[in-house]
1. Go through (1) among the aromatic types (Phe, Trp, Tyr); (2) within 28 Å of Val99 (Cα to Cα); (3) in contact (Cβ under 8 Å) with a residue 12 or more places away in the chain; (4) open to solvent by 40 Å² or more (accessible area, probe 1.4 Å) one by one and return the number of the condition Trp192 breaks.
2. Would you mind finding the one in Ile75, Ile60 that is more than 13 Å from Ala109 (Cα to Cα) and β-branched (Val, Ile, Thr)?
3. Could you count how many residues in segment 159-180 are open to solvent by 60 Å² or more (accessible area, probe 1.4 Å) and assigned to a helix (DSSP H, G or I)?
4. Search segment 43-58 for residues that are more than 21 Å from Phe225 (Cα to Cα) and pair each with any residue that is surrounded by fewer than 14 Cβ atoms within 10 Å (Cβ to Cβ) and among the polar types (S, T, N, Q) when their beta-carbon atoms are under 7 Å apart and the residues are at least 6 apart or on different chains.
5. Among (1) at pLDDT below 95; (2) surrounded by fewer than 16 Cβ atoms within 10 Å (Cβ to Cβ), which single condition is Thr90 missing?
6. What number of residues within segment 55-105 satisfy the criterion of being outside any helix (DSSP H, G or I) and over 14 Å from Asp211 (Cα atoms)?
7. Going by the structure shown, is Tyr151 closer than 15 Å to Leu221 by Cβ, assigned to a helix (DSSP H, G or I) and open to solvent by 60 Å² or more (accessible area, probe 1.4 Å)?
8. Are any residues in segment 165-222 among the basic types (Lys, Arg) and under 16 Å from Ser89 (Cα atoms), and if so, which ones?
Amino acid sequence: MEYRNSQTPPPYYGGGDSGALTRQVSSVMKRVYVRMFIGLLISAFCALGVASSPAAISFIFGNRLVFWGMFIAMIAMAWIIPARLNKMSTSTALILFCVFAALMGTSLASIFYVYSMRAITMTFFITSGTFAAMSVYGYTTKSSLAKIGAYCYMALFGLIIAMVVNIFLKSSSLEWVISIVGVLLFVGLTAWDTQQIKQIAQYNLDPALADKLATMGALNLYLDFVNLFLFLLRIFGGNRD
(Lines give C-alpha, C1' and ligand atoms only; values in the text may rest on other atoms or scores of the structure.)
Protein backbone atom coordinates (compact mmCIF):
# COMPACT_ATOMS: atom_id res chain seq x y z
CA MET A 1 0.00 0.00 0.00
CA GLU A 2 2.64 2.47 0.98
CA TYR A 3 4.83 1.61 -1.97
CA ARG A 4 1.89 2.09 -4.34
CA ASN A 5 2.11 5.80 -3.62
CA SER A 6 5.85 5.95 -4.05
CA GLN A 7 6.81 7.53 -7.36
CA THR A 8 10.58 7.40 -6.86
CA PRO A 9 12.23 4.32 -5.36
CA PRO A 10 15.34 4.67 -3.19
CA PRO A 11 18.63 4.90 -5.08
CA TYR A 12 20.22 1.62 -5.94
CA TYR A 13 23.67 1.05 -4.61
CA GLY A 14 24.07 -2.68 -5.05
CA GLY A 15 27.48 -2.47 -6.63
CA GLY A 16 26.47 -4.19 -9.86
CA ASP A 17 26.53 -7.73 -8.39
CA SER A 18 23.65 -9.34 -10.29
CA GLY A 19 23.97 -12.56 -8.30
CA ALA A 20 23.63 -10.73 -4.99
CA LEU A 21 20.71 -8.74 -6.38
CA THR A 22 18.91 -11.92 -7.44
CA ARG A 23 19.42 -13.46 -4.00
CA GLN A 24 18.21 -10.26 -2.36
CA VAL A 25 14.99 -10.19 -4.38
CA SER A 26 14.46 -13.93 -3.90
CA SER A 27 14.89 -13.58 -0.13
CA VAL A 28 12.30 -10.80 0.11
CA MET A 29 9.79 -12.58 -2.15
CA LYS A 30 10.09 -15.82 -0.17
CA ARG A 31 9.29 -13.96 3.04
CA VAL A 32 6.36 -12.22 1.34
CA TYR A 33 4.76 -15.49 0.23
CA VAL A 34 5.45 -17.28 3.52
CA ARG A 35 3.83 -14.48 5.52
CA MET A 36 0.92 -14.27 3.13
CA PHE A 37 0.42 -18.03 3.50
CA ILE A 38 0.55 -17.71 7.29
CA GLY A 39 -2.05 -14.93 7.11
CA LEU A 40 -4.34 -17.11 5.01
CA LEU A 41 -3.94 -20.00 7.45
CA ILE A 42 -4.82 -17.74 10.38
CA SER A 43 -7.89 -16.49 8.53
CA ALA A 44 -8.97 -20.02 7.59
CA PHE A 45 -8.68 -21.33 11.17
CA CYS A 46 -10.51 -18.30 12.58
CA ALA A 47 -13.30 -18.59 10.01
CA LEU A 48 -13.75 -22.33 10.60
CA GLY A 49 -13.54 -21.89 14.37
CA VAL A 50 -16.20 -19.19 14.49
CA ALA A 51 -18.44 -20.96 11.96
CA SER A 52 -18.42 -24.13 14.05
CA SER A 53 -19.59 -22.27 17.15
CA PRO A 54 -23.22 -21.06 17.16
CA ALA A 55 -22.42 -18.99 20.25
CA ALA A 56 -19.56 -17.21 18.47
CA ILE A 57 -21.70 -16.62 15.39
CA SER A 58 -24.46 -15.14 17.53
CA PHE A 59 -22.05 -12.95 19.48
CA ILE A 60 -20.26 -11.55 16.42
CA PHE A 61 -22.98 -11.35 13.78
CA GLY A 62 -25.92 -10.89 16.14
CA ASN A 63 -24.36 -7.93 17.90
CA ARG A 64 -24.07 -4.82 15.74
CA LEU A 65 -21.61 -3.16 18.10
CA VAL A 66 -19.23 -6.12 17.92
CA PHE A 67 -19.60 -6.59 14.17
CA TRP A 68 -19.12 -2.95 13.22
CA GLY A 69 -16.36 -2.55 15.78
CA MET A 70 -14.49 -5.42 14.14
CA PHE A 71 -15.12 -3.97 10.67
CA ILE A 72 -13.88 -0.50 11.67
CA ALA A 73 -10.82 -2.07 13.33
CA MET A 74 -9.91 -3.83 10.06
CA ILE A 75 -10.31 -0.64 8.04
CA ALA A 76 -8.19 1.28 10.55
CA MET A 77 -5.45 -1.35 10.53
CA ALA A 78 -5.39 -1.48 6.72
CA TRP A 79 -4.50 2.23 6.77
CA ILE A 80 -2.38 2.37 9.94
CA ILE A 81 0.00 -0.47 9.05
CA PRO A 82 1.31 1.11 5.81
CA ALA A 83 1.12 4.67 7.12
CA ARG A 84 3.12 3.89 10.27
CA LEU A 85 5.31 1.16 8.82
CA ASN A 86 8.56 3.15 8.98
CA LYS A 87 8.02 3.92 12.66
CA MET A 88 7.07 0.36 13.64
CA SER A 89 9.42 -2.40 14.65
CA THR A 90 9.45 -5.41 12.35
CA SER A 91 7.82 -7.56 15.04
CA THR A 92 5.02 -5.03 15.62
CA ALA A 93 4.24 -4.88 11.90
CA LEU A 94 4.11 -8.67 11.69
CA ILE A 95 1.91 -8.98 14.78
CA LEU A 96 -0.54 -6.39 13.44
CA PHE A 97 -0.68 -8.26 10.13
CA CYS A 98 -1.53 -11.49 11.97
CA VAL A 99 -4.21 -9.71 14.04
CA PHE A 100 -5.65 -8.25 10.82
CA ALA A 101 -5.74 -11.73 9.26
CA ALA A 102 -7.52 -13.10 12.35
CA LEU A 103 -10.16 -10.37 12.20
CA MET A 104 -10.64 -10.94 8.49
CA GLY A 105 -11.06 -14.66 9.03
CA THR A 106 -13.58 -14.06 11.78
CA SER A 107 -15.61 -11.80 9.51
CA LEU A 108 -15.56 -14.45 6.76
CA ALA A 109 -17.13 -17.12 8.95
CA SER A 110 -20.55 -16.25 7.55
CA ILE A 111 -19.67 -17.66 4.10
CA PHE A 112 -20.06 -21.18 5.53
CA TYR A 113 -23.73 -20.41 6.13
CA VAL A 114 -24.26 -18.95 2.65
CA TYR A 115 -22.28 -21.33 0.43
CA SER A 116 -21.68 -25.06 0.47
CA MET A 117 -18.30 -26.44 1.51
CA ARG A 118 -17.93 -27.89 -1.98
CA ALA A 119 -18.40 -24.44 -3.56
CA ILE A 120 -16.00 -22.82 -1.11
CA THR A 121 -13.34 -25.48 -1.71
CA MET A 122 -13.71 -25.34 -5.49
CA THR A 123 -13.52 -21.54 -5.49
CA PHE A 124 -10.48 -21.61 -3.24
CA PHE A 125 -8.58 -23.79 -5.72
CA ILE A 126 -9.69 -21.61 -8.64
CA THR A 127 -8.52 -18.55 -6.74
CA SER A 128 -5.20 -20.18 -5.87
CA GLY A 129 -4.51 -21.08 -9.50
CA THR A 130 -5.51 -17.66 -10.80
CA PHE A 131 -3.54 -15.85 -8.12
CA ALA A 132 -0.43 -17.97 -8.70
CA ALA A 133 -0.55 -17.42 -12.47
CA MET A 134 -0.92 -13.64 -12.17
CA SER A 135 1.72 -13.35 -9.45
CA VAL A 136 4.21 -15.31 -11.57
CA TYR A 137 3.34 -13.07 -14.52
CA GLY A 138 3.89 -9.93 -12.45
CA TYR A 139 7.23 -11.28 -11.23
CA THR A 140 8.59 -12.41 -14.60
CA THR A 141 7.22 -9.88 -17.10
CA LYS A 142 9.61 -7.27 -18.47
CA SER A 143 6.74 -4.90 -19.27
CA SER A 144 5.81 -2.20 -16.80
CA LEU A 145 2.41 -2.74 -15.21
CA ALA A 146 2.33 0.74 -13.69
CA LYS A 147 -0.48 2.01 -15.94
CA ILE A 148 -2.56 -1.12 -15.48
CA GLY A 149 -2.09 -0.94 -11.73
CA ALA A 150 -3.00 2.74 -11.60
CA TYR A 151 -6.18 2.15 -13.63
CA CYS A 152 -7.15 -0.81 -11.43
CA TYR A 153 -6.50 1.17 -8.28
CA MET A 154 -8.69 4.05 -9.48
CA ALA A 155 -11.41 1.68 -10.69
CA LEU A 156 -11.43 0.09 -7.25
CA PHE A 157 -12.98 3.23 -5.81
CA GLY A 158 -15.74 3.06 -8.42
CA LEU A 159 -16.33 -0.58 -7.54
CA ILE A 160 -16.68 0.26 -3.85
CA ILE A 161 -19.22 2.97 -4.66
CA ALA A 162 -21.19 0.55 -6.85
CA MET A 163 -21.22 -2.03 -4.04
CA VAL A 164 -22.52 0.55 -1.56
CA VAL A 165 -25.23 1.66 -4.01
CA ASN A 166 -26.28 -1.94 -4.59
CA ILE A 167 -26.83 -2.43 -0.87
CA PHE A 168 -29.91 -0.25 -1.34
CA LEU A 169 -30.84 -1.28 -4.91
CA LYS A 170 -30.37 -5.01 -4.30
CA SER A 171 -30.04 -5.57 -8.03
CA SER A 172 -28.95 -9.09 -8.99
CA SER A 173 -27.81 -7.84 -12.41
CA LEU A 174 -25.63 -5.13 -10.87
CA GLU A 175 -24.25 -7.63 -8.38
CA TRP A 176 -23.22 -9.90 -11.25
CA VAL A 177 -21.47 -7.01 -13.02
CA ILE A 178 -19.75 -6.02 -9.77
CA SER A 179 -18.48 -9.58 -9.30
CA ILE A 180 -17.05 -9.77 -12.83
CA VAL A 181 -15.39 -6.37 -12.53
CA GLY A 182 -14.07 -7.28 -9.08
CA VAL A 183 -12.40 -10.41 -10.42
CA LEU A 184 -10.77 -8.49 -13.27
CA LEU A 185 -9.57 -5.74 -10.93
CA PHE A 186 -7.93 -8.05 -8.44
CA VAL A 187 -6.40 -10.18 -11.16
CA GLY A 188 -4.71 -6.99 -12.39
CA LEU A 189 -3.80 -5.83 -8.89
CA THR A 190 -2.19 -9.19 -8.08
CA ALA A 191 0.20 -8.87 -11.02
CA TRP A 192 0.89 -5.20 -10.30
CA ASP A 193 1.50 -5.67 -6.58
CA THR A 194 3.90 -8.53 -7.28
CA GLN A 195 5.87 -6.40 -9.72
CA GLN A 196 5.93 -3.49 -7.26
CA ILE A 197 7.29 -5.70 -4.48
CA LYS A 198 9.97 -7.08 -6.78
CA GLN A 199 11.01 -3.62 -7.95
CA ILE A 200 11.35 -2.28 -4.42
CA ALA A 201 13.25 -5.42 -3.36
CA GLN A 202 15.78 -4.78 -6.14
CA TYR A 203 17.14 -1.83 -4.21
CA ASN A 204 19.73 -2.38 -1.55
CA LEU A 205 17.63 -2.57 1.59
CA ASP A 206 18.96 -3.05 5.08
CA PRO A 207 17.61 -6.20 6.82
CA ALA A 208 15.06 -4.34 8.94
CA LEU A 209 13.63 -2.45 5.96
CA ALA A 210 13.55 -5.60 3.83
CA ASP A 211 11.65 -7.40 6.59
CA LYS A 212 9.08 -4.62 6.79
CA LEU A 213 8.69 -4.69 3.02
CA ALA A 214 8.01 -8.42 3.24
CA THR A 215 5.21 -7.82 5.75
CA MET A 216 3.74 -4.97 3.70
CA GLY A 217 3.94 -7.02 0.52
CA ALA A 218 2.31 -9.96 2.27
CA LEU A 219 -0.57 -7.73 3.40
CA ASN A 220 -1.18 -6.40 -0.11
CA LEU A 221 -1.10 -9.83 -1.76
CA TYR A 222 -3.21 -11.26 1.06
CA LEU A 223 -5.88 -8.64 0.37
CA ASP A 224 -5.68 -9.35 -3.36
CA PHE A 225 -6.18 -13.07 -2.73
CA VAL A 226 -9.08 -12.67 -0.28
CA ASN A 227 -10.95 -10.20 -2.49
CA LEU A 228 -10.38 -12.32 -5.59
CA PHE A 229 -11.71 -15.33 -3.68
CA LEU A 230 -14.83 -13.49 -2.51
CA PHE A 231 -15.71 -12.16 -5.96
CA LEU A 232 -15.16 -15.57 -7.55
CA LEU A 233 -17.28 -17.14 -4.82
CA ARG A 234 -20.15 -14.84 -5.79
CA ILE A 235 -19.86 -16.12 -9.36
CA PHE A 236 -19.28 -19.83 -8.77
CA GLY A 237 -20.70 -20.31 -5.29
CA GLY A 238 -24.41 -20.43 -5.96
CA ASN A 239 -25.93 -21.12 -2.55
CA ARG A 240 -26.18 -23.95 -0.04
CA ASP A 241 -29.13 -25.43 -1.91
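1. Result: Trp192 fails condition (4) only.
2. Residue meeting the stated conditions: Ile75.
3. The total comes to 14.
4. Nothing qualifies.
5. Status for Thr90: all satisfied but (2).
6. 3
7. No; evaluated as a whole, the condition is false for this residue.
8. Residue satisfying the conditions is Lys212 alone.
The values are calculated or read from the model by the stated rules, or taken from the named source; none is laboratory data. Bear in mind that the values here come from a model prediction, so they are computed numbers and not experimental data. Virtual Cβ from ideal backbone geometry, glycine too; neighbours counted across all protein chains shown. Accessible surface is based on the protein model in full, side chains and every heavy atom, while ligands, DNA and RNA are left aside. Shrake-Rupley method; radii C 1.70, N 1.55, O 1.52, S 1.80 Å.
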